[in-house]
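Q: This is the structure, below, for whatever I ask next.
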Amino acid sequence: MPEFDAFTDRLDPEMCVVTAAVGERREGCLVGFFSQCSIEPVRFTVWLSKANHTYEAALVADCLGVHLLTREQHDLAALFGGGCGADIDKFAQVRWTPGHGGAIVLPDVAAWFVGDVERRLDAGGDHVGFVLEPVQWGGRRQEGPLLRLRQALDIDPGHPAGQPHRRDPVAENER
Ligand SMILES: Cc1cc2nc3c(=O)[nH]c(=O)nc-3n(C[C@H](O)[C@H](O)[C@H](O)COP(=O)(O)O)c2cc1C
């Protein structure tokens with residue numbers, strides 16, 4: 001819908017890195033589709049592309065890590081947004097620690113939380129929403145601008161959305 005670009009082009013959301021761990025498997029990707037979706041109780045939803053490697057792990061993970069990046073952390077954004085976990089070990093290149101429920105935390109970011117996956121929302125499109133209840137959080141005590149979409153537009157996504165290359169268990173469950 002090219003004519004709708006007039007609306008979406010005005011948006012410049014903060015970016016985050018979402019991590020998912022299942023046993024020894026560690027995945028993570030750059031995400032622009034996320035927001036708080038409830039005040040009481042506090043809930044956040046992150047939307048993961050069905051094409052992503054991280055999505056597969058998130059489908060079976062009990063909790064996910066959500067990390068806000070500083071404007072200077074473009075390299076981190078490029079690592080998680082520009083490559084596929086099937087080809088590279090993204091976590092060999094960053095400092096990480098285990099968090100609540102075995103989640104993966106990237107402690108050097110601006111702010112982070114780990115959230116229990118409360119439900120998954122397949123809206124019929126190419127992304128699935130993961131509704132999270134924050135249970136653990138932290139981050140640097142540092143002011144300063146966060147990395148936004150405008151600073152990440154030069155990153156070629158490891159997987160273009162809309163081209164699922166794998167089985168989609170959420171859709172299969174709903175059939
Ligand atoms: C600017 C930008 C925004 C992105 N937003 C999202 C998003 O909201 N949700 C998502 O699942 N992937 C998003 N991606 C794509 C993934 O971060 C990218 O395809 C990544 O390489 C997938 O890695 P994986 O296959 O290891 O999970 C975005 C990528 C970029 C560059």
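The values are calculated or read from the model by the stated rules, or taken from the named source; none is laboratory data. Values in this document were obtained by computation on a predicted structure and should not be read as measured data. Positions of Cβ are generated from backbone atoms using ideal geometry, with glycine treated the same way; all protein chains shown enter the neighbour counts. Keep in mind that these areas ignore ligands, DNA and RNA; they rest on the heavy atoms of the full protein, side chains included. Shrake-Rupley method; radii C 1.70, N 1.55, O 1.52, S 1.80 Å.
Q: Could you report the chain's accessible area per residue, 1.4 Å probe, as an integer in Å²?
A: Spelled out: the 1.4 Å probe surface of the chain, per residue, equals 55 Å².
Q: Round to the nearest 10 and report in Å² the accessible area of LEU68, as given by a 1.4 Å probe over the protein chains' heavy atoms.
A: Result for LEU68: roughly 40 Å² accessible.
Q: Provide the solvent-accessible area of LEU79, counting protein heavy atoms only and rolling a 1.4 Å probe, rounded to the nearest 10 Å².
A: 30
Q: Take the chain, connect every pair of alpha-carbon atoms lying under 10 Å apart with a spring to form a Gaussian network, then pick out the residue of VAL109, VAL135, VAL18 with the largest mean-square fluctuation.
A: Its mean-square fluctuation being the largest, the pick is VAL135.
Q: If you place +1 on the Cβ of every Lys and Arg, -1 on the Cβ of every Asp and Glu, and leave all else neutral, what size is the dipole of the chain about its Cα centre, to the nearest 20 Debye?
A: With only Lys, Arg, Asp and Glu charged at Cβ, the dipole is about 300 debye.
Q: Once Lys and Arg get +1 and Asp and Glu get -1 on their Cβ, which of GLY28, VAL17, ALA103 lies farthest toward the positive end of the dipole of region 1-104?
A: Projecting each Cα onto the dipole axis, the largest value belongs to ALA103.
Q: P(r) tail for region 21-76, what percent of Cα pairs lie past 17 Å?
A: 47
Q: ARG119 to ARG71: FRET efficiency via 1/(1 + (r/R0)^6), r the Cβ-Cβ distance, R0 25 Å, to the nearest 0.05?
A: Efficiency, from the Cβ-Cβ distance: 0.15.
Q: Gaussian network model of the chain, Cα springs within a sub-10 Å range: biggest mean-square fluctuation belongs to which of HIS67, HIS53, HIS159?
A: Largest GNM mean-square fluctuation: HIS159.
Q: Relative contact order, percent, of the chain when contacts are C-alpha pairs under 8 Å separated by at least 6 residues?
A: 27
Q: Would you list SER49, SER38 from the most to the least accessible area, probe 1.4 Å?
A: The ranking, largest first, comes out as SER38, SER49.
Q: Using a 1.4 Å probe on the protein heavy atoms, what percent of the accessible area of the chain belongs to carbon and sulfur?
A: 51
Q: Which order do ASP75, ASP89 take when ranked by solvent-accessible area (1.4 Å probe, heavy atoms of all protein chains), largest first?
A: Result, largest first: ASP75, ASP89.
Q: For the charge dipole of the chain, defined by +1 on Lys and Arg C-beta atoms and -1 on Asp and Glu C-beta atoms about the Cα centroid, which residue among GLY139, ILE39, ALA58 has the Cα displaced farthest towards the positive pole?
A: GLY139
Q: Can you give the Kirkwood hydrodynamic radius for region 47-120, in Å, rounded to one decimal and based on Cα pairs?
A: For region 47-120, the Kirkwood estimate is 13.2 Å.
Q: Additional query: Given the convex hull over the Cα atoms of region 1-126, what projected area results after averaging over all orientations, in nm²?
A: Across all orientations, region 1-126 yields a mean hull projection of 8.8 nm².
Q: If you don't mind, there's one more thing I want to ask. Report the label-to-label distance for GLU40 and ILE88 in nanometres (one decimal), using points 7 Å from each Cα along the Cα→Cβ vector.
A: 4.5
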